[in-house]
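Only one structure is covered here, and it is reproduced in the block below.
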Amino acid sequence: MRRVVITGMAGFSPIGNDWKTISSNLRNSKTGIQYMGGWEPYKKLATRLGAPVTDFKKPEHYSRKMVRSMGRVALMATVATERALENAKLTNNTSVIDGRMGISYGSSTGSTDAQIDIANMILGHYPPNRGLNVNSYLKMAGHTTAINIGVFFELKGRIIPTSSACTSGSQGIGYAYEAIKHGYQELMVAGGAEELCPTEAAVFETFYATSTQNDAPESTPRPFDKDRDGLVVGEGAATFILEERQSAINRGATIHAEIVGFSTNSDGSHITQPQAETMYQAMSSALKMSGLSIEDIGYVSAHGTSTARGDIAESQATHRLFGNIPISALKSFTGHTMGACGALESMVAIQMMNHGWFHGTANLDNIDPQCEKLDYLTGEGREIKTKYVMCNNFAFGGINTSLIFAKTS
């Protein structure tokens, strides 16, 4: 089997778009959670909290024609991909457009604005076809990120859309890894994105899963904390350029990390009740694939949604496999970025592994006694020297993913 490395990565998050800014906010416990004043018209929505990317805008060199099929989620994914290709030094490289590069990318949904346009037409709020065209569908489609990236960069390899809620980004990376590992592609664009929308908050609210600390945005969410009151929705995008290792070496590329393990499975039991057993199986399968021992893994990036069922099941599965391993949750800073979270959390974990420092979990003051004992990082985090990290994500529908990254320098 071929070895797969990461030669480019870039993204947008509620706590910054570059490692210097992100690491500063992580060290200083500065989260991206905000009161969303624009949600006030939604009177029945109890939560007013979200985690937006505040400094994203369409690049000036993107013409209207280039972005007419993109909503915000596809645009963030495309710009992140452009930056990742630049980071990989593949801009204007023929390998991008000659079929050697494919794409595996996802979001949990397309842009809601386009869905509203369709709904208004169906409800007769304005004449049929007014303001609607094929781009309305392309913006709202579940595979909007994958198809828009593919067309924008003229990718001619295989396209694998991943729309699996909270595992969209991690499955995007994992399936891209498999495509190169088994020789189907030489290079892959991989990742996930999501745009912030009150409809997502409303969906979680129906499960009584959203935080309502509207007067104290800085105090929530609280993964693994006994005083948690739910999650906060966020947005972002993160793109990786994956490449066959020898190809990367031959062209003198900078290698950020190697992917050495991936597993995904399904609970097969309940849409919204996570199962510790299948979480454990996903982690142990990824570990077995990597050929590593449990002692080799120095840190686990938790899914950490700040929901009771999720936190408890995840802690049980992680403790069963690793015992008292260092762990922290990026969602305490970014909120739940849905389709982007697996990619954003992987990007941050790789940066931390390469810099030898790992962030704590914000607002984790009183560990829930129902959560298994793990080495929960808090405060300013901790310096840890390790060659391997694991990133886990668990989604609606009982979908579980686990990725293992290796340091290469």
Filter result for the condition that a residue is at negative phi, open to solvent by 80 Å² or more (accessible area, probe 1.4 Å), among the polar types (S, T, N, Q) and not in a helix (DSSP H, G or I), over THR54, THR47: THR54
ARG27 farther than 19 Å from GLU154 by Cα, under 18 Å from the mean Cα position of the chain (by Cα) and open to solvent by 30 Å² or more (accessible area, probe 1.4 Å): no
Residue within segment 138-151 that is polar (S, T, N, Q), open to solvent by 30 Å² or more (accessible area, probe 1.4 Å) and more than 24 Å from MET279 (Cβ to Cβ) present: no
Residue in segment 6-17 that is open to solvent by 60 Å² or more (accessible area, probe 1.4 Å) and of a type in the set (Ser, Thr, Tyr) present: no
Selection count where residues are touching a helix residue (DSSP H, G or I) at 6+ places or on another chain (Cβ under 9 Å), under 21 Å from PRO14 (Cα atoms) and open to solvent by less than 10 Å² (accessible area, probe 1.4 Å), scope segment 81-104: 1
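Every residue, every condition in (1) open to solvent by less than 40 Å² (accessible area, probe 1.4 Å); (2) among the small types (Gly, Ala, Ser), yes or no:
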{"residue": "THR167", "(1), (2)": "yes, no"}
{"residue": "GLN171", "(1), (2)": "yes, no"}
{"residue": "ALA179", "(1), (2)": "yes, yes"}
{"residue": "HIS182", "(1), (2)": "no, no"}
{"residue": "LEU187", "(1), (2)": "yes, no"}
{"residue": "GLU194", "(1), (2)": "yes, no"}
{"residue": "GLU200", "(1), (2)": "yes, no"}
Identity of the residue in segment 394-409, more than 11 Å from VAL300 (Cα to Cα) and not in a loop (DSSP other than H, G, I, E, B), that ends up most open to solvent (accessible area, probe 1.4 Å): ILE399
Residues (touching an Asp or Glu at 6+ places or on another chain (Cβ under 9 Å), β-branched (Val, Ile, Thr) and open to solvent by 10 Å² or more (accessible area, probe 1.4 Å)) located in segment 202-229: THR210, THR212
Failed item, numbered, when ASN366 is tested on (1) open to solvent by 10 Å² or more (accessible area, probe 1.4 Å); (2) without any contact (Cβ under 8 Å) to a residue 60 or more places away in the chain; (3) in contact with a strand residue (DSSP E or B) (Cβ under 8 Å, 6 or more places away or on another chain): (2)
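Being free of Cβ contacts under 8 Å to residues at least 40 places away in the same chain, outside any strand (DSSP E or B) and open to solvent by 10 Å² or more (accessible area, probe 1.4 Å) narrows it down to one of ASN135, ASN120, so name that one.
Selected residue: ASN120, the only one of ASN135, ASN120 that is free of Cβ contacts under 8 Å to residues at least 40 places away in the same chain, outside any strand (DSSP E or B) and open to solvent by 10 Å² or more (accessible area, probe 1.4 Å).
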Test result for ARG72, at pLDDT 95 or above, surrounded by 17 or more Cβ atoms within 10 Å (Cβ to Cβ) and touching an Asp or Glu at 6+ places or on another chain (Cβ under 6 Å): yes
Matching residues in segment 152-165 - criterion: being open to solvent by 40 Å² or more (accessible area, probe 1.4 Å) and assigned to a loop (DSSP other than H, G, I, E, B): GLU154, LYS156, ARG158, SER163
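The values are calculated or read from the model by the stated rules, or taken from the named source; none is laboratory data. All of these numbers come straight from a predicted model, not from anything done at the bench. Using ideal geometry, Cβ is built from the backbone for each residue, glycine included, and neighbour counts are taken over all protein chains shown. Areas reflect the complete protein model, heavy atoms only, side chains present, ligands, DNA and RNA absent. Shrake-Rupley method; radii C 1.70, N 1.55, O 1.52, S 1.80 Å.
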